[in-house]
Amino acid sequence: MRALGATATLTLLAGCSGRHNWLAAAGEEAQSVETLFWVVLAGAAVIWSLVIGAATYAHRAEAKPHREREARRFIIWGGVVLPVLVVCGLLVWGLLILRHITSDDGALTVRVDGERWWWRVIYDTPEGPVTTANEIRLPLGERTLFKLTADDVIHSFWVPALGGKMDMIPGRETTLALTPRKLGNWGGLCAEFCGGAHALMRFDAVVMEPGAFVRWLEQEARPAQVAEGDRGFAVFEEEGCGACHAIRGTEAQGPVGPDLTHLASRDKLGAGIYAMTPDNMARWITDTHEMKPDIDMPAYPGLQGERLDALVSFLMSLE
Amino acid sequence: MAPRNKTVPPGDAPRVIDQGSVWILVAAPSIWAAHFLLSYWVAAIWCAKLGRGTTLMEPRWIIAGLGALCIAAIIGLAVLAIRRYGGVFVIIEEITESSERARDRFVGHVALLLCVLSAVAILFTVIPGMVLGEC
């Protein structure tokens with residue numbers, strides 16, 4: 001029993017570390033929520049101690065009559081006025097935080113569309129929109145405004161270490177701002193149950209130095225470099241992949257699935273769940289539903305040998 | 001529900017909220033519910049039908065004004081609960097007697113607590129509207 005308790009405690013504590021830890025805020029918005037949490041926790045501890053202390057005192061003390069007026073005053077002030085003031089104060093504090101993190105301003109605007117079960121990411125730049133997927137890069141210290149929506153069901157956008165979360169609702173646009181304060185690769189996830197592969201709907205939020213971010217965005221805006229007569233791209237076209245996926249700079253302009261223009265520059269495959277390696281890429285194509293159940297992309301088990309190798313090589317060259 | 005122990009002057013209709021009637025119990029929560037519904041309608045019509053963009057800066061004062069009116073009405077009910085029912089916030093001695101007077105005191109006590117609860121609930125509707133001010 002003791003071992004079971006220790007295991008359960010360690011398992012719970014494991015959730016308090018790492019890149020999903022909202023109790024070690026890496027962003028301004030997460031910090032404001034964390035501060036509110038610690039204040040509420042401390043207040044709750046004080047109130048709990050007072051109540052238990054009073055109960056212990058009442059249990060041990062010798063019973064004696066109290067004046068009605070004093071008892072009435074104690075109940076009204078301690079049981080009605082104080083709780084109302086505390087809860088109203090916490091409500092206003094929480095609402096001010098919410099107002100700040102949803103206010104419609106930011107040096108950079110990123111639109112994120114929740115799909116089943118991946119993230120369409122569009123950077124609004126003066127030169128036009130830059131589309132990518134399943135990975136969000138942010139400049140350190142700058143407030144980025146996210147405009148969130150969903151394609152078919154409700155999702156929720158959450159990067160615990162940076163801030164959030166915020167619902168993504170079909171037909172509506174919600175806003176959320178993130179101001180990263182620490183460099184790093186932070187985990188993002190869908191926080192609203194949205195169907196079969198909900199738990200596999202993740203993304204990386206990579207915080208970069210502002211200069212590096214600008215260079216990355218310029219690179220991301222460029223079309224893909226596809227060599228004339230590329231064997232892998234020929235397979236890509238023959239199998240009809242371009243009907244769903246776009247590769248800017250080619251004839252593949254499918255709007256259904258993730259944009260693959262700079263696919264290999266991302267760290268993860270399948271919306272933040274597998275390392276971007278040739279082996280995983282090959283499995284993703286042939287055993288798609290083994291790797292991520294219920295997704296719309298069909299598996300291509302018949303694609304083997306030289307054709308599969310060529311396609312994987314081509315996709316891994318899209319940096 | 002007609003008052004039972006009250007002498008009604010000839011020609012006067014019996015009062016709805018008076019000794020012997022329990023309507024005072026539903027009055028305060030009904031005012032909260034009406035305020036909630038009206039606030040919802042004001043915000044929904046303003047945001048969705050009038051095409052005023054996404055800000056509630058102007059109608060939030062309507063919501064706040066309605067809230068003030070409703071809280072004033074609830075304060076009036078609390079006064080009635082004290083004067084007509086003999087209600088108190090804190091009952092020191094248990095009400096165990098089976099009599100009209102004891103029942104009235106109990107109804108007055110419950111009505112007073114419901115008045116506090118309803119007023120707080122109205123505040124909790126007004127505060128988000130005032131602080132956020134967005135559709």
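For B:Leu66, the criteria (1) without any contact (Cβ under 8 Å) to a residue 60 or more places away in the chain; (2) surrounded by fewer than 17 Cβ atoms within 10 Å (Cβ to Cβ); (3) closer than 22 Å to A:Gly89 by Cα hold in every case but one, which is (2).
Can you confirm whether region A:106-118 contains a residue that is surrounded by 14 or more Cβ atoms within 10 Å (Cβ to Cβ) and facing chain B (nearest Cβ under 10 Å)? No, region A:106-118 has no match at all.
Here is the figure for region B:48-101: residues that are on the phi > 0 side of the Ramachandran plot, at pLDDT 80 or above and out of contact with any Lys or Arg (no Cβ under 8 Å at 6 or more places or on another chain) total 0. For region B:87-97, the criterion of being within 12 Å of chain A (Cβ to nearest Cβ), over 25 Å from B:Val26 (Cβ atoms) and more than 13 Å from the chain's Cα centre (by Cα) is met by at least one residue.
Entry remark, region A:84-105: residues being without any contact (Cβ under 8 Å) to a residue 40 or more places away in the chain and facing chain B (nearest Cβ under 9 Å) number 9 in total.
Taking the conditions (1) within 26 Å of the chain's Cα centre (by Cα); (2) under 30 Å from B:Glu94 (Cβ atoms) in turn, A:Gly94 satisfies each one other than (2). Within region A:264-286, the set of residues being touching a strand residue (DSSP E or B) at 6+ places or on another chain (Cβ under 8 Å) and of a type in the set (A, V, I, L, M) comprises A:Leu269, A:Ala271, A:Ile273, A:Ala275, A:Met276, A:Met281. Do we find that A:Gly272 is assigned to a loop (DSSP other than H, G, I, E, B), over 22 Å from A:Asp113 (Cα atoms) and touching a residue at least 24 places away in the same chain (Cβ under 8 Å) in this structure? Judged against the criteria, A:Gly272 is not a match. Filtering region A:52-66 to residues that are exposed (fewer than 10 other Cβ atoms within 10 Å of the Cβ) and within 14 Å of chain B (Cβ to nearest Cβ) leaves only A:Pro65. Restricting attention to region A:6-29, the residues that are of a type in the set (A, V, I, L, M, F, W, C) and either modelled with pLDDT of 90 or more or in a helix (DSSP H, G or I) (or both) add up to 8.
The residues on offer are A:Ala275, A:Ala243, A:Ala264, and the sole one that is of a type outside the set (Asp, Glu), in contact with a helix residue (DSSP H, G or I) (Cβ under 8 Å, 6 or more places away or on another chain) and not assigned by TED's automatic domain parsing to the domain that holds A:Arg137 is A:Ala264. Being more than 14 Å from every other protein chain (Cβ to nearest Cβ), within 11 Å of the chain's Cα centre (by Cα) and either of a type outside the set (Asp, Glu) or closer than 22 Å to A:Ser103 by Cβ (or both): is that true of B:Ile75 here? Yes, satisfied. Being modelled with pLDDT of 95 or more, at negative phi and crowded, with 21+ Cβ neighbours inside 10 Å is a condition met by at least one residue of region A:147-154. Scanning region A:54-68 finds one or more residues that are under 30 Å from B:Phe124 (Cβ atoms) and assigned to a helix (DSSP H, G or I).
Among the strands (runs of 3 or more DSSP E) confined to region A:90-137, the ones with at least 3 residues that are aromatic (Phe, Trp, Tyr), over 25 Å from B:Gly129 (Cβ atoms) and not assigned by TED's automatic domain parsing to the domain that holds A:Ile273 are located at A:118-125. Against the test of being part of a helix (DSSP H, G or I), away from every other protein chain (no Cβ under 14 Å), within 30 Å of B:Ala121 (Cα to Cα) and in contact with a His (Cβ under 8 Å, 6 or more places away or on another chain), the options A:Ser32, A:Ser49 yield a single qualifying residue, A:Ser32. Just checking, does region A:210-220 include any residue being in contact (Cβ under 8 Å) with a residue 40 or more places away in the chain and part of a loop (DSSP other than H, G, I, E, B)? Checking region A:210-220: not a single residue is in contact (Cβ under 8 Å) with a residue 40 or more places away in the chain and part of a loop (DSSP other than H, G, I, E, B). When B:Gly87, B:Gly67, B:Gly108 are checked against the criterion of being over 22 Å from B:Pro128 (Cα atoms) and out of contact with any Phe, Trp or Tyr (no Cβ under 7 Å at 6 or more places or on another chain), B:Gly87 stands alone in meeting it. Restricting attention to region A:74-83, the residues that are within 12 Å of chain B (Cβ to nearest Cβ) and either among the aliphatic types (A, V, I, L, M) or closer than 30 Å to A:Phe157 by Cα (or both) add up to 4.
The values are calculated or read from the model by the stated rules, or taken from the named source; none is laboratory data. For clarity, every value in this text was computed on a predicted model and none was experimentally measured. Reconstructed Cβ throughout: ideal geometry from the backbone, glycine too, with neighbour counts over all protein chains shown.
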